[in-house]
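Asks: My questions will all concern the structure given below.
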Amino acid sequence: MRIRLRLVVPTLAVCCCLPTAHGDEPPPPLREMIGRISPDSLRGHVSFLASDALEGRGTPSKGLDVAAEYIASQFRRAGLEPLGDDGFFQTADWEYFSPDSAYVEIKVGDRTLKFDATSLSGQPTKAVDLSAAPVIKVDANNAAALAALTAEAVAGKVVMTEVPTPFRVPREKAAAANQARMSFLRRLDELKPALVLDVDRDSGTARGLRRDAPQGARPSRPMIGPMVVAVHSPELAEILAATPVGPTDAKATIAIGEPKARKAKVRNVVGLLRGSDPALKETYVMVSAHYDHLGIGPKDGQADGIYNGANDDASGTASVIEIASALATMQPKPKRSVVFATFYGEEHGLIGSTYYAAHPVVPLASTAAAVNLEQLGRTDDTEGPRVDAANVTGFDFSTVTDALRKAGESVGVALQKHPQNSDLYFNASDNAALARAGVPAHTVSVAYAFPDYHGRDDEWDRIDYVNMSKIDRMVALGVVVLANDENPPKWDAANPKTEPYRKAREGK
């Protein structure tokens, strides 16, 4: 695929206030700057960040720490200034809860199945101590049967079922499965079972029991329904399949300790490209991505269980690195300073970006705009191929989009508004934490949904690096436009959806 860089780039630079040396000299060589963003360099970054050696970059994990060191080394190589409390690292103590012990025993006839913590996962909110509790099988996918259940039949019992989840079905059925899950949990919350045992037929190992409680973070979605503990056991799945719906002769003994607070050291990685204008250099444009993913899950047959997260979001992280390296070569530098940040814990509810918004390393009131990068590498969108095109969340929420759209036109990338997902996904990535603080902040992506989303097959060799480099060139030009415009972006006051962000910007 050829990359078409049109001759209108310098014209765009002039009309969008790009710096000139003495006011009458031509604009800087933007074509040379964006030409430094190469498919091969992006491939190198992503192939390391999404390698098995980093074990899926779970939060917290050794792999996440290695990724942070790698990002810091690339910021150092580009000549960025460190902005953290520990060099390029903004450190935080992340608090979460997990029990000291967990045990499940199921007796069915003359068979006894025993499971320790290595076969259990879930988010326990309290201790559980059940001895030989009655078990009822419920068909979680049968809406009519769920409606017919009574509290007398369910209350105080252990419900054994296979809870619907979007991660156990083909992608095209994920939305329906997620809706079924929410409906099931709401209904079970009304019926008050002692516990729900979610039987996973596909594996015998698990990530363990943990309830995330990041300080100052907003959960990505509220926890509803009863406590659910997943048992990862093909053997128990066979018993479940052979058991009729309704009361059973099975008995469940379950002992889960009180969840205790744990702390882990986690790090955002933050660097600064100092601006060239004496006044505007004290204002900022942010470019960000999250560098975490899902870590290691249960093994499935020959699969290694590593969720490599190449597109989600090693692609965004590599793009932050590459754009930083390119912009650092500009002479003169952009007028505003540019903050480059990669966040931990996005997959746990935007906790790294939320921490940053609560503890900013540069003033949020002086942060003119933020461009977050997510899922830039895959062009095999489930709605059809996505080449030479990009999405932006909250497309018409602020004037940030105008700069990105004009930059896209100069490199042959169409910046588009998805009719449903543009607004729907605005609060689904790290831009949301900055937007809630009032900063005009959006997320750029290529595919909202792709076949291996949150799957084991999101590997580095499935990325379209040529297309990804074009998207990054658009972002780099757009950031320069935002950094050089003396008038900072504004939320659209005519759009009622922007009201909370406008009020935050105004300090109300």
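Asks: Would a scan of segment 438-449 turn up a residue that is in contact with a Leu (Cβ under 6 Å, 6 or more places away or on another chain), buried (at least 24 other Cβ atoms within 10 Å of the Cβ), farther than 12 Å from Val371 by Cα and of a type outside the set (Gly, Ala, Ser)?
Replies: yes
Asks: On the given criteria, is Ala180 modelled with pLDDT under 90, open to solvent by less than 70 Å² (accessible area, probe 1.4 Å) and assigned to a helix (DSSP H, G or I)?
Replies: On the way: modelled with pLDDT under 90: yes; open to solvent by less than 70 Å² (accessible area, probe 1.4 Å): yes; assigned to a helix (DSSP H, G or I): yes.
Criteria met by Ala180.
Asks: Pick from Lys490, Lys497, Lys470, Lys503: which is open to solvent by less than 20 Å² (accessible area, probe 1.4 Å) and either within 28 Å of Ser315 (Cβ to Cβ) or more than 24 Å from the chain's Cα centre (by Cα) (or both)?
Replies: Details: Lys490 fails: open to solvent by less than 20 Å² (accessible area, probe 1.4 Å); Lys497 fails: open to solvent by less than 20 Å² (accessible area, probe 1.4 Å); Lys503 fails: open to solvent by less than 20 Å² (accessible area, probe 1.4 Å).
Exactly one of Lys490, Lys497, Lys470, Lys503 is open to solvent by less than 20 Å² (accessible area, probe 1.4 Å) and either within 28 Å of Ser315 (Cβ to Cβ) or more than 24 Å from the chain's Cα centre (by Cα) (or both), namely Lys470.
Asks: Just give me the residues in segment 409-426 being at pLDDT 95 or above and in a helix (DSSP H, G or I), in sequence order.
Replies: None; the set is empty.
Asks: Could you look through segment 330-351, keep only residues that are touching a strand residue (DSSP E or B) at 6+ places or on another chain (Cβ under 7 Å) and open to solvent by 10 Å² or more (accessible area, probe 1.4 Å), and pick out the one that is modelled with the lowest pLDDT?
Replies: Here the answer is His348.
Asks: Another question about this same structure. Which of the residues belonging to segment 1-38 are open to solvent by less than 30 Å² (accessible area, probe 1.4 Å) and at pLDDT 50 or above?
Replies: Start the filter on segment 1-38 by keeping residues that are open to solvent by less than 30 Å² (accessible area, probe 1.4 Å), which leaves 9, 12-13, 16, 18-19, 28, 30, 33-34, 37.
The answer is Pro28, Leu30, Met33, Ile34, Ile37.
Asks: Just one of Val392, Val387, Val362 is under 25 Å from Asn484 (Cβ atoms) and touching a residue at least 60 places away in the same chain (Cβ under 8 Å); which is it?
Replies: Details: Val392 fails: touching a residue at least 60 places away in the same chain (Cβ under 8 Å); Val387 fails: under 25 Å from Asn484 (Cβ atoms).
On inspection, the qualifying residue turns out to be Val362.
Asks: So, one more: Is it fair to say Tyr96 is assigned to a strand (DSSP E or B) and more than 20 Å from the chain's Cα centre (by Cα)?
Replies: Criteria not met by Tyr96.
Asks: To continue, here is another question. May I ask you to verify whether Leu294 is within 30 Å of Asn372 (Cα to Cα) and at pLDDT 95 or above?
Replies: Numbers: within 30 Å of Asn372 (Cα to Cα): yes; at pLDDT 95 or above: no.
When the stated conditions are applied, Leu294 does not pass them.
Asks: Determine, yes or no, whether Arg456 is outside any helix (DSSP H, G or I) and in contact (Cβ under 8 Å) with a residue 12 or more places away in the chain.
Replies: Numbers: outside any helix (DSSP H, G or I): yes; in contact (Cβ under 8 Å) with a residue 12 or more places away in the chain: yes.
For Arg456, the condition - outside any helix (DSSP H, G or I) and in contact (Cβ under 8 Å) with a residue 12 or more places away in the chain - is met.
Asks: Got a number for residues in segment 125-158 being farther than 25 Å from Asp100 by Cβ, part of a strand (DSSP E or B) and open to solvent by less than 40 Å² (accessible area, probe 1.4 Å)?
Replies: Taking segment 125-158 first, the residues farther than 25 Å from Asp100 by Cβ are 134-157.
Restricting the remaining residues to those that are part of a strand (DSSP E or B) gives 134-137.
When the remaining residues are screened for being open to solvent by less than 40 Å² (accessible area, probe 1.4 Å), the result is 135-137.
So the count comes out to 3.
Asks: Determine, yes or no, whether Val475 is more than 24 Å from the chain's Cα centre (by Cα), open to solvent by less than 20 Å² (accessible area, probe 1.4 Å) and either farther than 17 Å from Met286 by Cα or not basic (Lys, Arg) (or both). Don't jump to the end; show me each part of the working.
Replies: Values: more than 24 Å from the chain's Cα centre (by Cα): no; open to solvent by less than 20 Å² (accessible area, probe 1.4 Å): yes; either farther than 17 Å from Met286 by Cα or not basic (Lys, Arg) (or both): yes.
Answer is no for this residue.
Asks: Something else: On the basis of being assigned to a loop (DSSP other than H, G, I, E, B), charged (D, E, K, R) and surrounded by fewer than 17 Cβ atoms within 10 Å (Cβ to Cβ), does Asp396 make the cut? Write out each step before concluding.
Replies: Numbers: assigned to a loop (DSSP other than H, G, I, E, B): yes; charged (D, E, K, R): yes; surrounded by fewer than 17 Cβ atoms within 10 Å (Cβ to Cβ): yes.
Criteria met by Asp396.
Asks: Right, here's the next one. Just one of Tyr103, Tyr96 is under 19 Å from Ala264 (Cα atoms) and touching a residue at least 40 places away in the same chain (Cβ under 8 Å); which is it?
Replies: Details: Tyr103 fails: under 19 Å from Ala264 (Cα atoms).
Being under 19 Å from Ala264 (Cα atoms) and touching a residue at least 40 places away in the same chain (Cβ under 8 Å) holds for just one of Tyr103, Tyr96, which is Tyr96.
Asks: Give the number of residues within segment 84-118 that are in contact with a Gly (Cβ under 6 Å, 6 or more places away or on another chain) and open to solvent by less than 40 Å² (accessible area, probe 1.4 Å). Talk me through it step by step, then tell me what you get.
Replies: As a first pass, look at segment 84-118 and keep what is in contact with a Gly (Cβ under 6 Å, 6 or more places away or on another chain): 88, 90, 99-101, 117.
Keeping just the survivors that are open to solvent by less than 40 Å² (accessible area, probe 1.4 Å) gives 88, 90, 99.
Number of matching residues: 3.
Asks: How about segment 371-393: which of its residues are open to solvent by less than 10 Å² (accessible area, probe 1.4 Å), assigned to a loop (DSSP other than H, G, I, E, B) and among the hydrophobic types (A, V, I, L, M, F, W, C)?
Replies: Within segment 371-393, just Leu376 meets the criteria.
Asks: Further question on the same structure: Those residues that are assigned to a loop (DSSP other than H, G, I, E, B) and in contact with an Asp or Glu (Cβ under 9 Å, 6 or more places away or on another chain), I need them from segment 46-59; list them, please.
Replies: Within segment 46-59, Ala50, Gly58, Thr59 qualify.
The values are calculated or read from the model by the stated rules, or taken from the named source; none is laboratory data. These figures come from a predicted structure and were not determined experimentally. Every residue, glycine among them, receives a Cβ derived from its backbone with ideal geometry; neighbour counts consider all protein chains shown. For the accessible areas, the whole protein counts, side chains as well, though only heavy atoms, and no ligand, DNA or RNA atoms are used. Shrake-Rupley method; radii C 1.70, N 1.55, O 1.52, S 1.80 Å.
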